[in-house]
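Undergrad: Below you will find the structure I want to go over with you.
The values are calculated or read from the model by the stated rules, or taken from the named source; none is laboratory data. The structure displayed is predicted, hence computed values, not measured ones. Here the Cβ positions follow ideal geometry from the backbone for every residue, glycine too, while neighbour counts run over all protein chains shown.
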Amino acid sequence: MHILIKNGMILHENGRLYGDLRIRNGLIAEMGENLAAEDARLVDATGQYLIPGGIDPHVHLHLRVNNIYSSDNFTSGSKAALYGGTTTVIDFVTPEQSQSLTEALAQRKLDATGSYCDYSFHVSPVDLHPGIEQEILDCLSAGINSFKIYLAYKESIGIDDQTLERIMYIIHEHGGMVTAHCEDGDAVESMRNQLFEAGKTGPENHPLSRPGIFETTSVEKLIKTGKKTGCPVYIVHVSTQGSVEHIKKAQDQGQAVFAESCPQYLLLDESLYSPDTDTSIHHICSPPYRLQKDRNSIWKAISEGYIHTIGTDHCPFDLTVKQKFTNDFRKIPNGIGGIEHRMQLLFSEGVLTGKITLEKWLEICSGNAAKIFGLSNKGILKSGFDADIVIWDPNYQETISSERHHMNCDTNVYEGMVVKGKATQVFQRGIQLIQNGQLRDIEPTGRFISRDQVDHLTLVNQIITN
């Protein structure tokens, strides 16, 4: 028996269609008006949208920081993602000291056992040890085409300028792409220590230690190195107006530069880092929230096609864990939750306010990530593609609350925000996981997704043109 979803507004690759969508053997079989219903299990979508399952290109599940794990593992985090309409996530592989990239990738796949979402990874070269080039090649052969580097965190996983350039040459030579956390790591570390030694130890000092200029100059450096080496770059969690300006200039000149931001940099601001420790401590993330001018710049860049994706950088820690380091903001585990609310927040605060169109919403939540990272059978509704389908109720309204969310954390940075829109039914490769707003009692269905090589130089021009 196949599945026929009837009477929905289908938002597909070529526009909008009010009609039906057929799922057969885990794939989208056809879309049209008044499709034949014999031998089909019928799902009514009257008054709702049919959209592609969301792709969150930036999550940290089961992440260990100084022997403390983030509160969501792959099972709990992927469940929360499904409730929000996200069916695929891209997490990270960061090797331990003296561990090869391939060994770390194999371990991370084991960590992901129990995921309800389909998943892939960005792999992080953290040094230039002998054999690194072969390890990168092995990762590419295993279906990984993006490699995450950190220009911050120099004391642990960050890399210097010489290593950055060499790694980018290697990755470009073999057809991959570098994704990057851009902050001036040396400047951040110096500022953090200066503040602490001056007696400014509380969490409200976190944004002072990581001002926007440290990000902007780092973005500029990465783009210049990308131009020199020919390596495509993808800049994660863009938060400043200055970064946006560098990104726009590079793209306008035809350079393969892609950009991601996050809901927190569109909706929250630095006033939340107040002297009230209990208020500010659970907002600690890096980069920190910014100013209204930065938020306006990012929204505009999204609408114009210069920022291509919205990830969450989902990495929550319970408040009780963060409070252990109240007197030294440098040691507070960085990270907030958001994997459940990404599509809902962007629909409410983007589409319904007129900042972006419905089509742009789907591009930044799903379609562009599929294109950029080579998830070739996902991201749009098209015959022959994976039946990762969300039935979205545009009229549903709720108030975000840590007491009701499905993320495994005891706070929510969007607490009290009234939002509209909800994923009422969610299918992944034709398997219905969310039914009438609730996760079905079934075994995890997520699988590792091998990604295709991408012509990023051609792609960046196509995306901006669209």
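Undergrad: Residue pairs, Cβ under 8 Å, 6 or more apart or interchain, first in the range 407-422 and within 18 Å of Lys79 (Cβ to Cβ) and of a type in the set (Lys, Arg), second at pLDDT 95 or above and part of a strand (DSSP E or B). List them.
TA: Note: pairs meeting the criteria are Lys422/Trp392; Lys422/Asp393; Lys422/Tyr396; Lys422/Glu398.
Undergrad: Is it the case that some residue within the range 372-395 is small (Gly, Ala, Ser), under 19 Å from Ala259 (Cβ atoms) and at pLDDT 95 or above?
TA: Yes - at least one qualifying residue is present in the range 372-395.
Undergrad: Follow-up. For the range 35-84, enumerate the residues that are surrounded by fewer than 24 Cβ atoms within 10 Å (Cβ to Cβ), touching an Asp or Glu at 6+ places or on another chain (Cβ under 7 Å) and over 24 Å from Ser124 (Cα atoms).
TA: Once the filter is applied, which keeps residues that are surrounded by fewer than 24 Cβ atoms within 10 Å (Cβ to Cβ), touching an Asp or Glu at 6+ places or on another chain (Cβ under 7 Å) and over 24 Å from Ser124 (Cα atoms), the range 35-84 yields Leu35, Gln48, Tyr83.
Undergrad: Output the residue which, of all residues in the range 425-443 that are in contact with a Ser or Thr (Cβ under 6 Å, 6 or more places away or on another chain) and surrounded by 14 or more Cβ atoms within 10 Å (Cβ to Cβ), is farthest from Thr87 (Cα to Cα).
TA: Going through the qualifying residues, I end up with Ile431.
Undergrad: Looking at the structure I just gave you, is Thr217 more than 19 Å from Glu165 (Cα to Cα) and at pLDDT 95 or above?
TA: no
Undergrad: Have a look at Ser402, Ser450 and point out the one that is small (Gly, Ala, Ser) and free of Cβ contacts under 8 Å to residues at least 24 places away in the same chain.
TA: Ser402
Undergrad: Also, quick follow-up: For the range 249-262, give me each residue that is in a helix (DSSP H, G or I) and either among the hydrophobic types (A, V, I, L, M, F, W, C) or crowded, with 20+ Cβ neighbours inside 10 Å (or both). Steps first, answer last, please.
TA: Quick first cut of the range 249-262, residues in a helix (DSSP H, G or I) only: 249-252.
Those that are in a helix (DSSP H, G or I) and either among the hydrophobic types (A, V, I, L, M, F, W, C) or crowded, with 20+ Cβ neighbours inside 10 Å (or both): Ala250, Gln251.
Undergrad: Which ranges mark the helices (runs of 4 or more DSSP H) fully within the range 48-163 that have 1 or more residues being under 18 Å from the mean Cα position of the chain (by Cα)?
TA: Once the helices (runs of 4 or more DSSP H) in the range 48-163 are filtered for at least 1 residues that are under 18 Å from the mean Cα position of the chain (by Cα), what remains is 74-83, 101-111.
Undergrad: Across the range 264-279, which residue is farthest from the chain's Cα centre (by Cα) among those that are surrounded by 13 or more Cβ atoms within 10 Å (Cβ to Cβ) and among the acidic types (Asp, Glu)?
TA: Out of the qualifying residues, it is Glu270.
Undergrad: Filter the range 280-297 down to the residues that are out of contact with any strand residue (DSSP E or B) (no Cβ under 9 Å at 6 or more places or on another chain), assigned to a helix (DSSP H, G or I) and not β-branched (Val, Ile, Thr), then identify the one that is surrounded by the fewest Cβ atoms within 10 Å (Cβ to Cβ).
TA: Within the range 280-297, the match that is surrounded by the fewest Cβ atoms within 10 Å (Cβ to Cβ) is Lys293.
Undergrad: Between Asp318, Asp269, which is within 23 Å of Lys200 (Cα to Cα), touching a residue at least 12 places away in the same chain (Cβ under 8 Å) and of a type in the set (Asp, Glu)?
TA: Answer to the check: Asp269.
Undergrad: Is one or more of the residues making up the range 322-335 under 14 Å from the mean Cα position of the chain (by Cα) and at pLDDT 95 or above?
TA: yes
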